[in-house]
Amino acid sequence: MPAIPVAPGVYSVGVLNPNLRIFDVVMCTEYGTSYNAYLLQGSEKTVLIETCHDTFFEQYLDNIRSVCPLERIDAIILNHCEPDHSGVLHRLLALCPNAEVIGTAAAGIYLKKITNNDALPFRAVKQGDTYDLGGGQLLHFYPSPFLHWPDTMFTYAPHLRTVFTCDFLGSHFCEPQVFDHLVHYQREYFDALHYYFCAIFGPFMPYVRKGLDILDTLAFDTACTSHGPVLTRGGLLPQVLTRYRGWSAEAPPRAHVRIPVFYATAYGNTERIAEGIRQGVLQALPDAECTLYNVNEHDMATLQELLCQSDAFALGSPTINADAVPPMWELLSHIDAINCKKKPALLFGSFGWSGEALGQLQARLEGLKMKVYAEQLRVPFVPSDADIQTAASLGQAFALSIQQQ
Ligand code: FEO
């Protein structure tokens, strides 16, 4: 993608990566992504906002050089330091001898480690600080921590009615045109936007609301994100902002306690225990939302949401070859460690030879700082009627312990 004018004196100089299918090891990128970066030319100063992923350095340089020589760059603003935006900083600085780096104080700490350079020409900015492009054209900085790293900030150019929002409002979505009104596949774009929102900002909802509140105070028509299309008032921006408000809205308090029971089962034995536990929970708390989820029958995004939105949950796994089974590990890898801290969890499962699964799961949950219920139920092979009764008693006790907290 060549450099493309976005606003007077502003060029998109980022790169496209349509073939990416996994981002940062953890995110599926069905629609590829873009690493957006912007070059701003004021009457006195030339500024870059964001660098790019290391893989695309040469292409990124070509884009910048098509607008101006690298030596003319006075500042490199990093709204956030994850390596998809900062990865080439050390190489870029070697080519931009006159550039200082600007970011939040947290960014300064991270960038010195990312570049392994304690002498990095870095200037920390805070709320109220500005950068003068010349002729009174000021850039304003709005630290917006945990959107999604502690170092994140927005950069606002009031003279352009443009805000550079970093990952906020972004998406892993790649069409060759820069602007939102040129997006051909809007349904896919909004799917990508939602997935990105859940994956990146899911643990940080109060900060999302603060970020939206900041944007509400700014007069802007264009939001330059660091991934996906540039958003405009005449394009998709109003819809994106509305959806962010909706997705981040505080849920009203639930009338009933929610205690889902997740399990994997090879021969139906762990499933029978799960049903016993569910019955016990409902005996103790008849109004509770207590549903069984066989983890092999639901997609992980759904289960992840249930994990996050529960008041507590029970997990059941058989033991195979001295370990919990892979679907349970997959489920545990989707626990939001930030929002599930101290959440109560109950463990159970059937086993044949040894029954290590519960200990393995317990170690993982405790590593996530969850509150694992002291009593567990391990049943050799097929649960008897007495075992099911024990499961019900355990479910009952677990439910009551939650209510008492
Ligand atoms: Fe696009 Fe948080 O990096």
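The values are calculated or read from the model by the stated rules, or taken from the named source; none is laboratory data. Just so it is clear, the model here is predicted, and its values are computed rather than measured. In this analysis, Cβ positions are derived from the backbone assuming ideal geometry, glycine residues included, and neighbour counts consider all displayed protein chains. SASA here: full protein model, heavy atoms, side chains in, ligands and nucleic acids out. Shrake-Rupley method; radii C 1.70, N 1.55, O 1.52, S 1.80 Å.
Below are the figures for this structure:
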item	result
Stokes-Einstein D (µm²/s) once Rh is taken as the Kirkwood radius of the range 72-171 over alpha-carbon pairs, at 25 °C in 0.890 mPa s	178 µm²/s
Karplus-derived HN-Hα couplings along the range 153-159 (A = 6.51, B = -1.76, C = 1.60, θ = phi - 60°), whole Hz, x at Gly and Pro	9, 9, 10, 10, 10, x, 5
Mean Cβ count within 10 Å, highest first, over the residues of peptides 289-298, 256-265	256-265, 289-298
Degrees separating the helix 357-367 axis from the principal Cα axis of the chain, which is the longest one	40 degrees
Helix-only CD estimate at 222 nm, as mean residue ellipticity for the chain, using -39500 (n - 2.57) per DSSP H run (n ≥ 4)	-9500 deg cm²/dmol
Principal semi-axes in Å for the chain [√(5λ), Cα gyration tensor, largest first]	49, 21, 19
In degrees, nearest ten, helix 105-114 long axis to first principal axis of the chain (Cα)	90 degrees
In Å, descending, principal axis extents of the Cα set of the range 188-242	28, 27, 19
Anchor K126: lysines whose Cα lies under 22 Å away (excluding residues fewer than 8 positions away in-chain)	K45, K112, K113, K210
Under the Karplus curve 6.51 cos²θ - 1.76 cosθ + 1.60, θ = phi - 60°, whole-Hz ³J(HN,Hα) for the range 39-49, x wherever Gly or Pro sits	10, 10, 10, x, 6, 10, 10, 10, 10, 9, 10
Pairs of Cα atoms farther than 24 Å apart, the range 288-390, %	19 percent
Environment charge of L193, counting only residues whose C-beta is closer than 14 Å and scoring Lys/Arg +1, Asp/Glu -1	-3
Of all accessible heavy-atom area on the chain, the percent that carbon and sulfur account for (1.4 Å)	53 percent
Overall form of the range 137-207 per C-alpha gyration tensor (a/c, 1.5; a/b vs b/c)	oblate
Antiparallel content of DSSP bridges confined to the chain, in %, to 5	50 percent
Packing-based ranking, highest mean first, of 111-122, 359-370 given that Cβ atoms within 10 Å are counted	359-370, 111-122
For the range 323-339, Karplus couplings with θ = phi - 60° (6.51, -1.76, 1.60), whole Hz, Gly/Pro x	8, 5, 7, x, x, 6, 5, 4, 4, 5, 6, 9, 6, 7, 5, 6, 8
Residue (of S43, L61, W329) at the positive-pole extreme of the chain, dipole from beta-carbon charges	S43
Accessible area in the full protein assembly, largest first, 1.4 Å probe, for V25, V240	V25, V240
Sequence-distant lysines (8 or more away, or on other chains) whose Cα lies within less than 22 Å of K342	K369, K371
Estimated translational D of the range 1-160 in µm²/s (Stokes, Kirkwood radius over Cα pairs; 37 °C; 0.692 mPa s)	207 µm²/s
Per residue accessible area of the range 241-348, 1.4 Å probe, in Å²	46 Å²
Folded to 0 to 90 degrees: helix 237-248 orientation relative to the chain principal axis, Cα	30 degrees
Under 5 Å, built H, 5+ apart or other chain: amide partners of N17	T33, S34, Y35
Residue-normalised accessible area of the range 90-195, given per residue in Å² at a 1.4 Å probe	43 Å²
Q127-M300 FRET efficiency (beta carbon distance; Förster radius 41 Å; 0.05 resolution)	0.60
With all protein chains modelled, accessible area of K341 [1.4 Å, Å²]	110 Å²
Kirkwood estimate for the range 1-81, i.e. one over the average of 1/r between Cα atoms, Å	13.3 Å
The range 95-246: antiparallel DSSP beta bridges as a percent of all, rounded to 5	60 percent
